[in-house]
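What follows is a single structure, written as structure tokens, with notes after it.
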Amino acid sequence: MPIPEEFQLHAWVDESMRSKGVAAPMYLLGAVVADPRRCDPAREKLRKILPKGAPKLHWHAMKPREKTRATDVVTSLDAAHLVVVGGPLDHRKQERARAACMERLLWELGQLGVSRVFLEQRTPSLNDRDMDLVLRLRGKRSIPSSLRVEIAKPSTEPMLWVPDQVLGAMGDAASDDGQWIAEYDGAVDRIDIGL
């Protein structure tokens, strides 16, 4: 009889910013949390709705019909959604906002028992900055030592498209278009922090 794999939770993380149409500019950092053993069907569904020629699903580049299809897929996933919203955002201090949101998000993910976190790839220097932050957070014990944080490419990891969709819907709601976030029916945990 095969030994069952130990249950795990992984998280995939993306960022967004909103300044137009909102009361105050905000930085959003979101995660989708799921059992990695059950993500392959989700990846396939996401790949099937990817617009032709697009490297990934990106909310701001999608037409309403594509947003509807993507929202239907994302809301059907067996996953949890967590978003840290920092504000008011000073665009000259975007990386400081990211660091503050990242600290809170990683702490929350650690509390949920997440073992691996995948951050969406940015430029090499910004990826290094993220990993330096993770080391500092470990040093001050803000995140569990067992929490592994890695960089992943959105072109090869569709699970990174999921938080982009959630953040897009949340950003639209902050701009008085709550149509998309209403589809999540309260399934997104939002944590607001001051910047």
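Rank the residues PHE118, PHE7 as a footprinting-exposure proxy: fewest other Cβ atoms within 10 Å of their Cβ go first. If you can, show how the numbers build up before the last one.
Values: PHE118 23, PHE7 9.
Listed from fewest to most nearby Cβ atoms, that is PHE7, PHE118.
For all pairs of alpha-carbon atoms in segment 31-78, what percent lies in each bin of width 10 Å, listed from the first bin to the last filled one?
24, 56, 20, 0
Which of ALA97, ALA61, ALA42 moves the most in a Gaussian network model of the chain with Cα springs under 10 Å?
Most flexible of the set in this elastic network: ALA61.
Normalised by the number of residues in segment 1-110, what is the relative contact order in percent for Cα pairs under 8 Å and 6+ residues apart? Show your work: numbers first, answer last.
Working: 118 pairs, mean separation 36.5, N = 110.
Contact order relative to length: 33 percent.
Within the chain, which is the longest segment that contains none of the trypsin sites (Lys or Arg not before Pro) sitting in a DSSP loop with at most 13 other Cβ atoms within 10 Å?
In short, 53-139.
Most mobile of VAL162, VAL117, VAL22 per a Gaussian network model of the chain (Cα springs, under 10 Å)?
VAL22
Output the Cα-based Rg and Dmax of the chain in Å, rounding Rg to one decimal and Dmax to a whole number.
Cα-based Rg and Dmax for the chain come out at 16.3, 58 Å.
From the backbone phi of segment 19-31, what are the Karplus-calculated ³J(HN,Hα) couplings (6.51 cos²θ - 1.76 cosθ + 1.60, θ = phi - 60°) in whole Hz, Gly and Pro given as x?
The phi angles translate into 9, 8, x, 10, 4, 9, x, 9, 10, 10, 10, x, 9 Hz.
Please compute the contact order of segment 10-194 in relative form: average sequence separation of alpha-carbon pairs under 8 Å and at least six residues apart, divided by the residue count, as a percent. Walk me through the numbers before you get to the answer.
Details: 294 pairs, mean separation 66.5, N = 185.
That works out to 36 percent.
Quick one: TRP12, TRP59, fewest Cβ neighbours within 10 Å first, how do they rank? Write down the numbers at each step before the final one.
Values: TRP12 27, TRP59 22.
Ordered from fewest to most neighbouring Cβ atoms within 10 Å, TRP12, TRP59 come out as TRP59, TRP12.
At 222 nm, what helix-only mean residue ellipticity would the chain give, in deg cm²/dmol to the nearest 500, using -39500 (n - 2.57) for each DSSP H run of four or more? Intermediate results must be reported in sequence, preceding the final value.
Values: 6 runs with 74 residues, N = 195.
The helix-only estimate for the chain comes to -12000 deg cm²/dmol at 222 nm.
Antiparallel DSSP bridges in segment 10-194: what percent, to the nearest 5? Walk me through the numbers before you get to the answer.
Numbers: 16 of 32 bridges.
Counting only bridges with both partners in segment 10-194, antiparallel ones make up about 50 percent.
In nm, to one decimal, how far is the modelled label at GLN94 from the one at ALA24, with both set 7 Å along Cα→Cβ?
2.0
Residue by residue through segment 34-40, what is 3J(HN,Hα) from phi via Karplus (6.51 cos²θ - 1.76 cosθ + 1.60, θ = phi - 60°)? Round to whole Hz and write x for glycine and proline.
3J(HN,Hα) across segment 34-40, in whole Hz: 8, 6, x, 6, 10, 8, 4.
Here, each number is a calculation from the coordinates, and none is a lab measurement. Quantities reported herein were computed from a predicted structural model and do not represent experimental measurements. Cβ sites come from the backbone with ideal geometry, for glycine too, and all protein chains shown count toward neighbours.
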